[in-house]
Amino acid sequence: MRKLLLALSIVLNIAALQAQDSLSTTTNNNATDSVDAQKHFYNLYNYTQSSLNNVFNEDWRHGAKNRVDIDFDYFANSNAAPASIAYKLIFKGFISDKLKDRADKKIKSKLKFEDFMKTGITYRHYFPKWDGILEVGYHHRQMRYLTAPKQAFELAFYGNARFEGDTADLSNISFLNLIYNQYSIGIQKNIDYGSYQMQFGISGSFLQCINNQQIKTGESTFLYTAPDADSLILNYDLTFNTAREGATKFGQLNGAGASVDFNLAFMNKDKWKISFDMFDIGYMSFRKTPVNYSAAKNIVFKGIVLPELTNFTAQTFDTLNLDSAVRANLPSKSTNKYYLFLPFTAQLVFSKPLAHNKLVLNVGLQYRYLPGYYVYGFAKLNYLMKKDMVVSVTAGGGAYSSFNLGLEFSKHWKYVDFTLGTANLIGLVAPAYYPGTSVYLRLGSSF
(Lines give C-alpha, C1' and ligand atoms only; values in the text may rest on other atoms or scores of the structure.)
Protein backbone atom coordinates (compact mmCIF):
# COMPACT_ATOMS: atom_id res chain seq x y z
CA MET A 1 0.00 0.00 0.00
CA ARG A 2 3.00 2.30 -0.08
CA LYS A 3 4.05 2.26 -3.70
CA LEU A 4 2.29 5.19 -5.19
CA LEU A 5 1.14 8.55 -3.98
CA LEU A 6 -1.28 11.26 -4.80
CA ALA A 7 -4.65 12.47 -4.15
CA LEU A 8 -7.12 14.48 -6.11
CA SER A 9 -10.52 15.58 -7.11
CA ILE A 10 -13.79 17.08 -6.39
CA VAL A 11 -15.66 20.00 -4.97
CA LEU A 12 -16.82 23.21 -6.55
CA ASN A 13 -19.36 26.05 -6.57
CA ILE A 14 -22.57 26.85 -8.34
CA ALA A 15 -23.92 29.77 -6.38
CA ALA A 16 -24.42 32.69 -8.75
CA LEU A 17 -24.21 31.23 -12.26
CA GLN A 18 -27.91 31.47 -12.88
CA ALA A 19 -27.77 35.10 -11.86
CA GLN A 20 -25.18 35.62 -14.59
CA ASP A 21 -26.77 33.36 -17.18
CA SER A 22 -29.20 35.82 -18.67
CA LEU A 23 -28.68 39.54 -19.25
CA SER A 24 -32.40 39.95 -19.78
CA THR A 25 -33.35 39.17 -16.15
CA THR A 26 -33.84 42.02 -13.70
CA THR A 27 -31.37 42.93 -11.00
CA ASN A 28 -33.85 41.78 -8.38
CA ASN A 29 -34.26 38.39 -10.06
CA ASN A 30 -30.49 38.03 -10.33
CA ALA A 31 -30.12 38.70 -6.61
CA THR A 32 -32.85 36.18 -5.83
CA ASP A 33 -31.22 33.52 -8.00
CA SER A 34 -27.83 34.16 -6.41
CA VAL A 35 -29.16 33.80 -2.87
CA ASP A 36 -31.12 30.70 -3.86
CA ALA A 37 -28.01 29.14 -5.36
CA GLN A 38 -26.00 29.92 -2.24
CA LYS A 39 -28.59 28.14 -0.11
CA HIS A 40 -27.86 24.93 -2.02
CA PHE A 41 -24.13 25.54 -2.34
CA TYR A 42 -23.36 22.72 0.06
CA ASN A 43 -25.40 20.24 -2.01
CA LEU A 44 -22.97 20.37 -4.88
CA TYR A 45 -19.41 20.12 -3.72
CA ASN A 46 -19.43 17.55 -0.96
CA TYR A 47 -18.12 14.10 -1.81
CA THR A 48 -19.81 12.85 1.40
CA GLN A 49 -17.83 9.64 1.81
CA SER A 50 -15.63 10.48 4.80
CA SER A 51 -12.86 8.17 3.65
CA LEU A 52 -12.49 10.38 0.58
CA ASN A 53 -13.52 13.72 2.07
CA ASN A 54 -12.71 15.19 5.46
CA VAL A 55 -14.71 17.80 7.35
CA PHE A 56 -12.95 20.77 5.71
CA ASN A 57 -14.69 20.10 2.40
CA GLU A 58 -18.22 20.03 3.79
CA ASP A 59 -20.25 23.15 3.12
CA TRP A 60 -23.53 24.01 4.73
CA ARG A 61 -26.78 25.90 4.32
CA HIS A 62 -26.38 29.61 3.55
CA GLY A 63 -26.95 31.73 6.65
CA ALA A 64 -26.39 28.90 9.15
CA LYS A 65 -23.86 29.36 11.95
CA ASN A 66 -23.87 25.83 13.35
CA ARG A 67 -23.67 22.39 11.84
CA VAL A 68 -23.75 18.89 13.34
CA ASP A 69 -22.84 15.79 11.32
CA ILE A 70 -23.27 12.15 12.34
CA ASP A 71 -21.49 9.86 9.91
CA PHE A 72 -20.75 6.18 9.29
CA ASP A 73 -18.33 4.99 6.61
CA TYR A 74 -17.04 1.49 5.85
CA PHE A 75 -15.08 0.30 2.86
CA ALA A 76 -12.93 -2.67 1.96
CA ASN A 77 -10.95 -3.34 -1.16
CA SER A 78 -8.73 -6.16 -2.37
CA ASN A 79 -7.05 -7.36 -5.52
CA ALA A 80 -8.54 -10.85 -5.10
CA ALA A 81 -10.36 -11.66 -1.85
CA PRO A 82 -14.19 -11.44 -2.17
CA ALA A 83 -15.80 -9.07 0.31
CA SER A 84 -17.51 -12.01 2.02
CA ILE A 85 -14.16 -13.30 3.27
CA ALA A 86 -13.54 -9.99 5.02
CA TYR A 87 -17.00 -10.10 6.60
CA LYS A 88 -16.50 -13.63 7.88
CA LEU A 89 -13.03 -12.99 9.26
CA ILE A 90 -14.21 -9.87 11.09
CA PHE A 91 -17.37 -11.49 12.49
CA LYS A 92 -15.77 -14.97 12.89
CA GLY A 93 -18.09 -16.63 10.39
CA PHE A 94 -17.56 -19.88 8.49
CA ILE A 95 -15.53 -19.56 5.27
CA SER A 96 -16.63 -22.16 2.73
CA ASP A 97 -14.28 -24.01 0.39
CA LYS A 98 -15.97 -22.34 -2.59
CA LEU A 99 -15.15 -18.92 -1.17
CA LYS A 100 -11.53 -19.93 -0.53
CA ASP A 101 -11.18 -21.39 -4.02
CA ARG A 102 -12.66 -18.28 -5.62
CA ALA A 103 -10.09 -16.06 -3.90
CA ASP A 104 -7.22 -18.47 -4.59
CA LYS A 105 -7.91 -18.45 -8.33
CA LYS A 106 -7.86 -14.64 -8.44
CA ILE A 107 -4.60 -14.21 -6.55
CA LYS A 108 -1.76 -14.00 -9.08
CA SER A 109 1.34 -13.65 -6.90
CA LYS A 110 0.31 -11.57 -3.89
CA LEU A 111 -2.84 -10.94 -1.88
CA LYS A 112 -3.62 -7.32 -0.97
CA PHE A 113 -6.47 -6.29 1.31
CA GLU A 114 -7.51 -3.30 3.40
CA ASP A 115 -10.64 -2.23 5.22
CA PHE A 116 -11.57 0.94 7.06
CA MET A 117 -14.40 1.94 9.37
CA LYS A 118 -15.10 5.41 10.74
CA THR A 119 -18.14 6.57 12.68
CA GLY A 120 -18.78 9.53 14.93
CA ILE A 121 -20.04 13.08 15.33
CA THR A 122 -18.69 16.52 14.43
CA TYR A 123 -19.89 19.95 15.56
CA ARG A 124 -18.87 23.15 13.77
CA HIS A 125 -19.56 26.81 14.48
CA TYR A 126 -19.18 29.63 11.96
CA PHE A 127 -17.88 33.07 13.06
CA PRO A 128 -19.10 35.72 10.54
CA LYS A 129 -16.71 38.50 11.59
CA TRP A 130 -13.73 36.20 11.33
CA ASP A 131 -15.20 34.33 8.35
CA GLY A 132 -13.88 31.13 9.88
CA ILE A 133 -15.05 27.89 11.48
CA LEU A 134 -14.23 26.11 14.73
CA GLU A 135 -14.90 22.36 14.75
CA VAL A 136 -14.75 19.63 17.40
CA GLY A 137 -15.45 15.95 16.87
CA TYR A 138 -15.25 12.38 18.09
CA HIS A 139 -14.85 9.29 15.89
CA HIS A 140 -14.40 5.60 16.56
CA ARG A 141 -12.09 4.12 13.94
CA GLN A 142 -10.91 0.70 12.82
CA MET A 143 -8.50 -0.27 10.06
CA ARG A 144 -6.81 -3.43 8.84
CA TYR A 145 -4.48 -4.18 5.98
CA LEU A 146 -2.68 -7.26 4.72
CA THR A 147 -0.20 -7.96 1.96
CA ALA A 148 1.08 -11.52 1.63
CA PRO A 149 2.35 -13.98 -1.00
CA LYS A 150 -0.20 -16.28 -2.62
CA GLN A 151 1.33 -19.30 -0.89
CA ALA A 152 0.84 -17.68 2.54
CA PHE A 153 -2.89 -17.44 1.79
CA GLU A 154 -2.97 -21.09 0.72
CA LEU A 155 -1.08 -22.22 3.83
CA ALA A 156 -3.42 -20.30 6.14
CA PHE A 157 -6.66 -21.49 4.52
CA TYR A 158 -5.75 -24.97 3.22
CA GLY A 159 -3.00 -26.08 5.58
CA ASN A 160 0.39 -27.44 4.54
CA ALA A 161 -0.85 -30.71 2.99
CA ARG A 162 -0.68 -29.25 -0.52
CA PHE A 163 2.96 -28.29 0.11
CA GLU A 164 4.15 -31.82 0.87
CA GLY A 165 7.65 -32.02 -0.57
CA ASP A 166 7.47 -28.34 -1.43
CA THR A 167 8.12 -24.90 0.07
CA ALA A 168 5.55 -22.25 0.94
CA ASP A 169 6.79 -18.67 0.53
CA LEU A 170 6.00 -16.56 3.62
CA SER A 171 8.30 -13.62 2.95
CA ASN A 172 7.34 -9.93 3.10
CA ILE A 173 4.05 -10.42 4.91
CA SER A 174 2.73 -7.17 6.34
CA PHE A 175 -0.36 -7.08 8.57
CA LEU A 176 -1.91 -4.35 10.72
CA ASN A 177 -5.00 -4.30 12.90
CA LEU A 178 -5.76 -0.99 14.64
CA ILE A 179 -8.80 0.10 16.67
CA TYR A 180 -8.85 3.53 18.31
CA ASN A 181 -10.86 6.59 19.36
CA GLN A 182 -10.15 10.00 17.84
CA TYR A 183 -10.89 13.33 19.57
CA SER A 184 -10.42 16.34 17.28
CA ILE A 185 -10.40 20.13 17.33
CA GLY A 186 -9.67 22.36 14.36
CA ILE A 187 -10.18 25.65 12.57
CA GLN A 188 -10.99 26.65 9.01
CA LYS A 189 -10.51 30.11 7.49
CA ASN A 190 -11.83 31.63 4.26
CA ILE A 191 -10.08 34.52 2.49
CA ASP A 192 -11.68 36.45 -0.37
CA TYR A 193 -9.25 38.00 -2.86
CA GLY A 194 -12.00 39.24 -5.16
CA SER A 195 -11.29 37.32 -8.35
CA TYR A 196 -10.68 34.11 -6.41
CA GLN A 197 -11.03 32.75 -2.89
CA MET A 198 -8.80 30.65 -0.68
CA GLN A 199 -9.74 28.24 2.11
CA PHE A 200 -7.34 26.62 4.54
CA GLY A 201 -7.82 24.52 7.63
CA ILE A 202 -5.97 22.50 10.21
CA SER A 203 -7.21 19.99 12.76
CA GLY A 204 -5.37 18.22 15.56
CA SER A 205 -6.47 14.98 17.21
CA PHE A 206 -5.71 13.00 20.35
CA LEU A 207 -5.75 9.24 19.63
CA GLN A 208 -6.73 6.65 22.24
CA CYS A 209 -5.72 3.15 21.16
CA ILE A 210 -7.99 0.24 22.06
CA ASN A 211 -6.35 -2.63 20.18
CA ASN A 212 -3.35 -3.12 17.91
CA GLN A 213 -1.48 -6.01 16.26
CA GLN A 214 1.36 -5.80 13.76
CA ILE A 215 3.07 -8.69 11.96
CA LYS A 216 5.97 -8.44 9.53
CA THR A 217 8.19 -11.08 7.97
CA GLY A 218 11.45 -10.51 6.16
CA GLU A 219 13.02 -11.95 3.04
CA SER A 220 13.67 -15.69 2.83
CA THR A 221 10.87 -16.63 5.19
CA PHE A 222 9.48 -20.00 4.16
CA LEU A 223 8.00 -23.27 5.42
CA TYR A 224 9.18 -26.57 3.92
CA THR A 225 7.07 -29.74 4.41
CA ALA A 226 8.94 -33.05 4.06
CA PRO A 227 7.61 -35.53 1.42
CA ASP A 228 6.29 -37.89 4.11
CA ALA A 229 4.98 -34.87 6.09
CA ASP A 230 6.69 -36.05 9.30
CA SER A 231 8.72 -32.85 9.66
CA LEU A 232 8.62 -29.17 8.88
CA ILE A 233 11.48 -26.76 8.28
CA LEU A 234 10.73 -23.12 9.05
CA ASN A 235 13.16 -20.38 8.13
CA TYR A 236 11.85 -17.06 9.35
CA ASP A 237 12.51 -13.43 10.11
CA LEU A 238 9.53 -12.31 12.17
CA THR A 239 8.43 -9.25 14.12
CA PHE A 240 5.13 -9.34 15.98
CA ASN A 241 3.88 -6.50 18.21
CA THR A 242 0.59 -6.34 20.04
CA ALA A 243 -0.99 -3.87 22.45
CA ARG A 244 -3.55 -6.07 24.16
CA GLU A 245 -6.19 -8.04 22.34
CA GLY A 246 -9.88 -7.36 22.74
CA ALA A 247 -11.52 -4.03 23.49
CA THR A 248 -10.63 -2.42 26.80
CA LYS A 249 -12.75 -0.12 28.92
CA PHE A 250 -13.69 3.11 27.18
CA GLY A 251 -11.37 5.33 29.19
CA GLN A 252 -8.42 2.94 29.23
CA LEU A 253 -5.21 3.64 27.31
CA ASN A 254 -3.42 0.78 25.61
CA GLY A 255 -1.60 3.33 23.52
CA ALA A 256 -1.82 7.03 22.81
CA GLY A 257 -0.91 9.30 19.95
CA ALA A 258 -1.69 12.38 17.92
CA SER A 259 -2.54 13.20 14.32
CA VAL A 260 -3.01 16.28 12.15
CA ASP A 261 -5.24 17.05 9.13
CA PHE A 262 -4.51 19.80 6.57
CA ASN A 263 -6.67 21.41 3.90
CA LEU A 264 -5.91 24.02 1.23
CA ALA A 265 -8.42 25.02 -1.46
CA PHE A 266 -8.76 27.63 -4.18
CA MET A 267 -11.93 28.58 -6.04
CA ASN A 268 -13.21 31.14 -8.52
CA LYS A 269 -16.54 31.80 -6.83
CA ASP A 270 -19.03 29.50 -8.54
CA LYS A 271 -16.85 28.57 -11.55
CA TRP A 272 -14.58 25.88 -10.13
CA LYS A 273 -12.81 24.66 -7.00
CA ILE A 274 -9.62 22.72 -6.42
CA SER A 275 -8.77 21.30 -3.01
CA PHE A 276 -5.75 19.50 -1.58
CA ASP A 277 -6.01 17.49 1.64
CA MET A 278 -3.68 15.48 3.83
CA PHE A 279 -5.12 13.75 6.86
CA ASP A 280 -4.23 11.15 9.49
CA ILE A 281 -0.62 12.35 9.61
CA GLY A 282 0.44 11.07 12.99
CA TYR A 283 1.79 8.31 15.21
CA MET A 284 0.93 6.19 18.24
CA SER A 285 3.07 5.00 21.12
CA PHE A 286 2.34 1.67 22.84
CA ARG A 287 3.98 1.42 26.24
CA LYS A 288 1.42 0.26 28.84
CA THR A 289 0.89 -3.46 28.08
CA PRO A 290 2.82 -4.25 24.90
CA VAL A 291 3.99 -7.74 23.91
CA ASN A 292 6.66 -8.33 21.28
CA TYR A 293 8.01 -11.39 19.51
CA SER A 294 11.00 -11.19 17.19
CA ALA A 295 13.63 -13.52 15.76
CA ALA A 296 15.44 -14.56 12.59
CA LYS A 297 16.05 -18.31 12.81
CA ASN A 298 15.81 -21.71 11.18
CA ILE A 299 13.89 -24.40 13.04
CA VAL A 300 12.90 -28.04 12.39
CA PHE A 301 9.57 -29.31 13.76
CA LYS A 302 8.83 -33.03 14.09
CA GLY A 303 5.55 -34.65 15.03
CA ILE A 304 3.55 -31.45 15.60
CA VAL A 305 0.65 -29.69 13.97
CA LEU A 306 0.90 -25.98 13.23
CA PRO A 307 -1.65 -23.73 14.98
CA GLU A 308 -4.44 -22.28 12.88
CA LEU A 309 -2.84 -19.23 11.34
CA THR A 310 -6.13 -17.41 10.87
CA ASN A 311 -6.39 -17.25 14.69
CA PHE A 312 -2.83 -16.05 15.28
CA THR A 313 -2.53 -14.31 18.69
CA ALA A 314 0.06 -13.29 21.24
CA GLN A 315 -0.36 -16.70 22.90
CA THR A 316 0.26 -18.75 19.72
CA PHE A 317 3.92 -19.42 20.48
CA ASP A 318 3.30 -19.91 24.22
CA THR A 319 0.77 -22.70 23.71
CA LEU A 320 2.85 -24.86 21.34
CA ASN A 321 3.71 -28.17 23.02
CA LEU A 322 7.39 -28.41 22.10
CA ASP A 323 10.55 -29.67 23.74
CA SER A 324 12.97 -27.13 25.19
CA ALA A 325 15.45 -27.41 22.30
CA VAL A 326 12.82 -26.51 19.75
CA ARG A 327 11.27 -23.79 21.95
CA ALA A 328 14.67 -22.12 22.23
CA ASN A 329 14.46 -21.36 18.52
CA LEU A 330 11.04 -19.74 18.73
CA PRO A 331 10.79 -15.95 18.70
CA SER A 332 11.88 -14.30 21.92
CA LYS A 333 9.19 -12.57 23.96
CA SER A 334 9.56 -9.06 25.37
CA THR A 335 7.41 -6.21 26.65
CA ASN A 336 9.15 -3.28 25.00
CA LYS A 337 7.28 -0.15 23.99
CA TYR A 338 6.87 0.35 20.25
CA TYR A 339 5.57 2.98 17.83
CA LEU A 340 3.29 3.11 14.83
CA PHE A 341 3.11 5.75 12.12
CA LEU A 342 -0.46 6.04 10.85
CA PRO A 343 -1.27 5.28 7.20
CA PHE A 344 -1.86 8.88 6.08
CA THR A 345 -4.05 9.89 3.14
CA ALA A 346 -3.42 12.59 0.52
CA GLN A 347 -5.83 13.71 -2.16
CA LEU A 348 -6.35 16.37 -4.78
CA VAL A 349 -9.87 17.30 -5.83
CA PHE A 350 -11.26 19.40 -8.71
CA SER A 351 -14.92 20.23 -9.34
CA LYS A 352 -16.79 22.05 -12.09
CA PRO A 353 -20.53 22.77 -12.54
CA LEU A 354 -22.06 21.99 -15.95
CA ALA A 355 -25.39 22.27 -17.80
CA HIS A 356 -26.55 25.43 -16.06
CA ASN A 357 -25.73 24.00 -12.63
CA LYS A 358 -27.82 20.87 -13.12
CA LEU A 359 -24.66 18.76 -13.11
CA VAL A 360 -21.45 18.98 -11.12
CA LEU A 361 -18.45 16.98 -12.30
CA ASN A 362 -15.88 16.02 -9.66
CA VAL A 363 -12.61 14.26 -10.44
CA GLY A 364 -9.86 13.25 -8.08
CA LEU A 365 -6.89 11.17 -7.06
CA GLN A 366 -6.17 9.68 -3.68
CA TYR A 367 -3.14 7.98 -2.16
CA ARG A 368 -2.97 6.06 1.13
CA TYR A 369 0.39 5.28 2.71
CA LEU A 370 -0.01 1.50 2.73
CA PRO A 371 2.13 -1.37 1.38
CA GLY A 372 1.59 -2.03 -2.32
CA TYR A 373 -1.02 0.74 -2.64
CA TYR A 374 -1.66 2.27 -6.06
CA VAL A 375 -3.12 5.71 -6.64
CA TYR A 376 -6.91 5.65 -6.61
CA GLY A 377 -8.52 7.77 -9.32
CA PHE A 378 -12.23 8.58 -9.18
CA ALA A 379 -14.92 10.69 -10.79
CA LYS A 380 -18.30 11.67 -9.42
CA LEU A 381 -21.18 13.25 -11.30
CA ASN A 382 -23.86 14.98 -9.24
CA TYR A 383 -27.28 15.43 -10.84
CA LEU A 384 -29.66 17.88 -9.15
CA MET A 385 -33.06 16.31 -9.65
CA LYS A 386 -34.43 19.17 -7.56
CA LYS A 387 -32.72 21.93 -5.65
CA ASP A 388 -33.02 19.82 -2.52
CA MET A 389 -32.36 16.39 -4.01
CA VAL A 390 -29.13 15.07 -5.56
CA VAL A 391 -28.36 11.72 -7.19
CA SER A 392 -24.72 10.92 -7.88
CA VAL A 393 -22.84 8.26 -9.80
CA THR A 394 -19.19 7.49 -9.04
CA ALA A 395 -16.54 5.47 -10.82
CA GLY A 396 -13.01 4.76 -9.69
CA GLY A 397 -10.04 2.49 -10.06
CA GLY A 398 -6.72 1.82 -8.39
CA ALA A 399 -5.82 1.18 -4.75
CA TYR A 400 -6.02 -2.63 -4.37
CA SER A 401 -9.05 -3.15 -6.61
CA SER A 402 -9.46 -2.73 -10.36
CA PHE A 403 -12.78 -0.91 -10.81
CA ASN A 404 -15.48 0.46 -8.53
CA LEU A 405 -18.91 1.77 -9.47
CA GLY A 406 -20.86 3.74 -6.89
CA LEU A 407 -24.25 5.35 -6.32
CA GLU A 408 -25.37 8.04 -3.87
CA PHE A 409 -28.62 9.76 -2.90
CA SER A 410 -28.91 13.00 -0.91
CA LYS A 411 -32.02 14.77 0.32
CA HIS A 412 -32.03 18.18 1.97
CA TRP A 413 -34.69 19.88 4.02
CA LYS A 414 -34.48 23.33 5.60
CA TYR A 415 -32.46 22.30 8.64
CA VAL A 416 -31.68 18.63 8.04
CA ASP A 417 -29.93 16.67 5.29
CA PHE A 418 -29.46 12.95 4.69
CA THR A 419 -27.06 11.00 2.48
CA LEU A 420 -26.76 7.29 1.76
CA GLY A 421 -24.29 5.88 -0.72
CA THR A 422 -21.74 3.31 -1.76
CA ALA A 423 -18.47 3.66 -3.66
CA ASN A 424 -18.55 -0.03 -4.62
CA LEU A 425 -22.07 -1.04 -5.63
CA ILE A 426 -21.01 -4.35 -7.22
CA GLY A 427 -19.23 -5.53 -4.09
CA LEU A 428 -22.17 -4.47 -1.92
CA VAL A 429 -24.66 -6.43 -4.04
CA ALA A 430 -22.44 -9.47 -4.76
CA PRO A 431 -19.90 -9.70 -1.89
CA ALA A 432 -19.23 -13.40 -2.52
CA TYR A 433 -17.92 -12.69 -6.03
CA TYR A 434 -16.48 -9.19 -6.12
CA PRO A 435 -13.46 -7.93 -4.13
CA GLY A 436 -14.20 -4.89 -2.01
CA THR A 437 -17.34 -3.22 -0.74
CA SER A 438 -18.47 0.15 0.56
CA VAL A 439 -21.35 1.85 2.34
CA TYR A 440 -21.63 5.29 3.94
CA LEU A 441 -24.33 7.26 5.72
CA ARG A 442 -24.54 10.82 6.93
CA LEU A 443 -27.14 12.76 8.90
CA GLY A 444 -26.53 16.49 9.15
CA SER A 445 -28.23 19.56 10.54
CA SER A 446 -27.41 23.22 9.81
CA PHE A 447 -29.01 25.87 12.00
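The values are calculated or read from the model by the stated rules, or taken from the named source; none is laboratory data. Because the structure is a prediction, the values reported are computed rather than measured. Here Cβ is always computed from backbone atoms with ideal geometry, including for glycine, and neighbour counts include all displayed protein chains.
In table form, for the structure just shown:
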{"quantity": "Tally of residues being among the β-branched types (V, I, T) and touching a residue at least 24 places away in the same chain (Cβ under 8 Å) across the stretch 403-433", "calculated": "2"}
{"quantity": "Of all residues making up the stretch 398-422, the number that are within 18 Å of D115 (Cβ to Cβ) and touching a Phe, Trp or Tyr at 6+ places or on another chain (Cβ under 6 Å)", "calculated": "3"}
{"quantity": "Any chance G436 is touching a residue at least 12 places away in the same chain (Cβ under 8 Å), more than 24 Å from K269 (Cα to Cα) and out of contact with any helix residue (DSSP H, G or I) (no Cβ under 7 Å at 6 or more places or on another chain)", "calculated": "no"}
{"quantity": "Pairs with Cβ under 6 Å, 6+ apart, first in the stretch 389-402 and within 11 Å of G421 (Cα to Cα), second at pLDDT 85 or above and exposed (fewer than 15 other Cβ atoms within 10 Å of the Cβ)", "calculated": "V391/Y383; V391/M385; V391/F409"}
{"quantity": "S231, sole failed condition from (1) among the hydroxyl-bearing types (S, T, Y); (2) touching a residue at least 60 places away in the same chain (Cβ under 8 Å); (3) surrounded by 20 or more Cβ atoms within 10 Å (Cβ to Cβ)", "calculated": "(3)"}
{"quantity": "So L207, is it surrounded by 18 or more Cβ atoms within 10 Å (Cβ to Cβ) and either at pLDDT below 90 or over 25 Å from S275 (Cβ atoms) (or both)", "calculated": "no"}
{"quantity": "Every residue from the stretch 183-204 that is surrounded by fewer than 20 Cβ atoms within 10 Å (Cβ to Cβ) and within 29 Å of R144 (Cβ to Cβ)", "calculated": "Y183, I185, I202, G204"}
{"quantity": "Residues that are outside any strand (DSSP E or B) and within 9 Å of A80 (Cβ to Cβ), drawn from the stretch 103-113", "calculated": "A103, D104, K105, K106, I107, K108"}
{"quantity": "Qualifying residue in the stretch 382-398 (condition: touching a strand residue (DSSP E or B) at 6+ places or on another chain (Cβ under 8 Å) and within 21 Å of D280 (Cβ to Cβ))", "calculated": "yes"}
{"quantity": "Number of positions in the stretch 347-378 that are surrounded by 15 or more Cβ atoms within 10 Å (Cβ to Cβ), of a type in the set (A, V, I, L, M) and within 29 Å of H412 (Cα to Cα)", "calculated": "7"}
{"quantity": "Y369 vs. criteria of a type outside the set (D, E, K, R) and under 30 Å from L238 (Cβ atoms)", "calculated": "yes"}
{"quantity": "Extreme residue, farthest from L111 (Cα to Cα), among residues of the stretch 155-170 that are aliphatic (A, V, I, L, M) and not in a strand (DSSP E or B)", "calculated": "A161"}
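Here's the yes/no breakdown for (1) without any contact (Cβ under 8 Å) to a residue 40 or more places away in the chain; (2) more than 16 Å from D280 (Cα to Cα); (3) part of a strand (DSSP E or B):
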site: T119; (1), (2), (3): no, no, yes
site: H139; (1), (2), (3): no, no, yes
site: T147; (1), (2), (3): no, yes, yes
site: F153; (1), (2), (3): no, yes, no
site: S184; (1), (2), (3): no, no, yes
site: K189; (1), (2), (3): no, yes, yes
site: G201; (1), (2), (3): no, no, yes
site: S205; (1), (2), (3): no, no, yes
